[in-house]
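The values are calculated or read from the model by the stated rules, or taken from the named source; none is laboratory data. The shown structure was predicted, so the numbers you read here are calculated from the model rather than taken from an experiment. A quick note on method: Cβ atoms are made from the backbone with ideal geometry, for glycine too, and the neighbour counts reach across all protein chains shown.
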Amino acid sequence: MRHYLWIVTVLIFLAGCRSDSQDATPAELPTLAAIAQGATETATATGTATSLSPSPTWTATAEELPPTWTLTATSPATNTPLPYATSTRRPTFTPWPTQLPTNTALPPTATLPPAATATTGPTSTVAVTEGATSVATLPATATTLPTNTPPPATATSPAPSGGNLLPNPSFEGGWYHINNIPELQIPASWRFEWEEGNNPLDPDPWNAWVRPEVRVLTTDFLPPNEHPLFIWDGTQTVKIFKGTGSISFRLVTEVTLPPGRYRLTVNVFPDLVVGYTASGEKIWAPDPLSGEIRLMGGGSSTGWILPTFGQKNTFTYEFVLGQQQTVTVGAAMRGRWAILNNGWFMDDWSLFRIGNN
């Protein structure tokens with residue numbers, strides 16, 4: 001039986017290998033006799049007798065042969081890579097430009113212009129002590145008053161010859177406010193004047209003139225270790241100052257004097273500070289032009305003098321009057337740059353008649 005199945009399998013395989021142009025027909029198939037003979041020969045060769053009895057009802061037909069299976073080549077699916085994700089650049093945030101304030105460095109030292117000369121007028125002598133560098137004889141110079149002039153203080157009668165001719169010379173009296181401005185505490189019998197706006201000494205807007213502050217300070221408002229630094233007569237001193245502001249001002253009074261020669265003495269402490277050390281010590285302004293002082297009296301003045309910062313300075317100014325008259329006497333001070341502190345302490349001023357001419 002196995003041989004029979006094997007022969008059938010061979011026939012089916014041969015039928016599938018035929019050319020497509022030749023169709024299998026029943027006449028071309030092997031007959032049962034040929035199949036039996038082949039089986040007999042096979043059995044004889046193998047030594048096994050197999051009886052093949054083909055079924056009388058089986059007839060090979062072309063329809064029962066399986067169709068030829070033809071392998072159709074199919075293109076493999078292509079693997080198309082997905083596109084890489086593309087990063088989108090975020091827009092750059094640009095802030096609105098902001099105008100920053102600029103830090104103005106201290107200007108270089110400038111050369112003071114020479115004082116204007118005149119051919120007429122009395123001769124004025126300025127004698128400088130404690131920090132001043134020269135004694136000069138200057139001609140009389142008319143002085144233009146700055147703006148913001150409050151009502152003048154009431155003029156006092158002349159003091160007896162030989163005494164201090166200034167009213168309230170050590171600022172021990174009372175005080176008043178100009179136009180009810182609390183920052184302006186002016187000593188009684190004195191007049192305070194100041195400049196505001198354009199600074200011709202330095203056109204930088206940062207260094208424009210500003211209004212100073214004025215205080216009449218008693219010992220209660222100063223540490224004990226500062227009493228000898230700023231108070232030189234009595235128990236009060238005057239402080240005129242401004243933080244980070246340029247200032248130009250005058251403290252003056254009016255006195256009526258007979259003919260003669262007079263000496264004005266002014267004591268000041270220039271408290272001009274540009275910073276502090278790690279231990280809290282003051283750093284004084286390095287440029288000598290940071291602070292200047294000018295004495296005036298009898299219609300003339302000294303011109304600008306450079307004091308020594310951080311200590312008491314004593315300045316004197318002499319003038320001559322040919323006839324009795326009411327004159328303005330006092331001092332002008334200025335700090336042309338807006339340093340950390342533009343401060344001036346003053347106390348113990350005096351005016352004495354020292355001769356007839």
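Points worth noting:
- Options T314, T235: the member that is in contact with a His (Cβ under 9 Å, 6 or more places away or on another chain) and surrounded by fewer than 22 Cβ atoms within 10 Å (Cβ to Cβ): T235
- Residues of the stretch 255-307 classified as part of a strand (DSSP E or B) and under 27 Å from N207 (Cβ atoms), total: 20
- Looking at V252, V214, V266, V238, just one residue is of a type outside the set (G, A, S), farther than 15 Å from D347 by Cβ and touching a strand residue (DSSP E or B) at 6+ places or on another chain (Cβ under 7 Å), and that residue is V252.
For every residue, the table says whether it meets (1) assigned by TED's automatic domain parsing to the domain that holds I240; (2) surrounded by fewer than 22 Cβ atoms within 10 Å (Cβ to Cβ); (3) among the hydrophobic types (A, V, I, L, M, F, W, C).
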residue: L306; (1), (2), (3): yes, yes, yes
residue: A331; (1), (2), (3): yes, no, yes
residue: R336; (1), (2), (3): yes, no, no
residue: L340; (1), (2), (3): yes, yes, yes
residue: F345; (1), (2), (3): yes, no, yes
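- Residue check for G280: in the same structural domain as R211 (by TED's automatic domain parsing) and over 22 Å from K242 (Cα atoms): no
- Residues that are closer than 22 Å to E183 by Cα and in a loop (DSSP other than H, G, I, E, B) within the stretch 200-218 comprise A208, V210, R211, P212, listed in sequence order.
- Scanning the stretch 236-286 for residues that are polar (S, T, N, Q) and under 24 Å from the mean Cα position of the chain (by Cα) returns T244, S246, T277.
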